[in-house]
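Notes follow once the structure below has been shown.
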Amino acid sequence: MYPVRDALRERPEPKPLNLENYYAALNYTETLEHDNDHIMVKIQLYGEKESVTINAMIATGPTEDFIDREVCNQHGIQMIKAKNPCEIYLADGNPSGMGPVTHMTKVPMDISTHREVAILQVPKLQNHVVMLGMPWLREHNPTIDWNDKRITFNSELCTTWCLKGSSIPYAVPEEKALEETLITRFSKILAKNGPTAKHQSVRVKKLLAEA
């Protein structure tokens, strides 16, 4: 489920996306609640240590914009302590397990030729490393074709201030994005296991809904 804050929303029956890895500790299931309510895009973030290119999910579900705390620590993205920590809840009203959000960040972010300073909440995310939700969508107001996974930055804000080139970035296939995120997130574990890690692989398999 998408994390939401201080809100409950009715959602369709979730469709499971099975993430398989031969390390038992990495086995878990991500759920996609609808095929056409989110897209994956490549973004570039600029931390104090280095820049990093990762996958972000753009979705209508999250009521905040998020970045994983581990990504901030790894790449020197400065975190700012929040005045009022908040708890993150799932759409069913249960606590998300991420713990209270105590920090936020302001980080330069590129989506293709679209450049901005993103304001993101910093919880411990489980499956996605960056989630751009309703605050980001309202601010930039892009045109999104959810069926074709196509996003166009054509708002007055973006055409005036954000864009440095083409207004249409390429979307990333869902399975590929999640696979890359898994590999990145657990690269330290793979490296620690030395030569045997070469025999391990990450596979993403989408399960078909029952008729």
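Among the residues of the stretch 143-167, those that are more than 18 Å from Asp37 (Cα to Cα) and not charged (D, E, K, R) comprise Asn154, Ser155, Leu157, Cys158, Thr159, Thr160, Trp161, Cys162, Leu163, Gly165, Ser166, Ser167. Just one of the listed residues (Met109, Met98) is part of a strand (DSSP E or B) and closer than 23 Å to Glu179 by Cβ, and it is Met109.
Within the stretch 112-124, being within 15 Å of the chain's Cα centre (by Cα) and not in a strand (DSSP E or B) holds for Val122, Pro123, Lys124. Can we say Pro142 is touching a helix residue (DSSP H, G or I) at 6+ places or on another chain (Cβ under 9 Å), of a type outside the set (S, T, N, Q) and farther than 19 Å from Ala82 by Cβ? Yes; evaluated as a whole, the condition is true for this residue.
Among the residues making up the stretch 134-171, those that are part of a loop (DSSP other than H, G, I, E, B), surrounded by fewer than 18 Cβ atoms within 10 Å (Cβ to Cβ) and touching a Ser or Thr at 6+ places or on another chain (Cβ under 8 Å) are Asn141, Asn154, Lys164, Gly165, Ser166, Ile168, Tyr170.
Please tell me if Gly93 is touching a Leu at 6+ places or on another chain (Cβ under 9 Å), surrounded by fewer than 17 Cβ atoms within 10 Å (Cβ to Cβ), in a loop (DSSP other than H, G, I, E, B) and in contact (Cβ under 8 Å) with a residue 60 or more places away in the chain. Yes, satisfied. Looking at the stretch 191-204, can you tell me whether even one residue there is outside any strand (DSSP E or B), of a type in the set (A, V, I, L, M) and modelled with pLDDT under 75? So far as the stretch 191-204 goes, yes, one or more of its residues are outside any strand (DSSP E or B), of a type in the set (A, V, I, L, M) and modelled with pLDDT under 75. Residues considered: Asn84, Asn55. Of these, the only one that is in contact with a helix residue (DSSP H, G or I) (Cβ under 6 Å, 6 or more places away or on another chain) and either assigned to a strand (DSSP E or B) or at positive phi (or both) is Asn55. Taken over the stretch 96-114, residues that are surrounded by 17 or more Cβ atoms within 10 Å (Cβ to Cβ), modelled with pLDDT of 85 or more and closer than 26 Å to Glu175 by Cα amount to 5. Note on the stretch 57-90: residues that are surrounded by 18 or more Cβ atoms within 10 Å (Cβ to Cβ) and of a type in the set (A, V, I, L, M) total 7.
The values are calculated or read from the model by the stated rules, or taken from the named source; none is laboratory data. On a predicted model such as this, the values are computed, not experimentally measured, just so you know. Cβ sites come from the backbone with ideal geometry, for glycine too, and all protein chains shown count toward neighbours.
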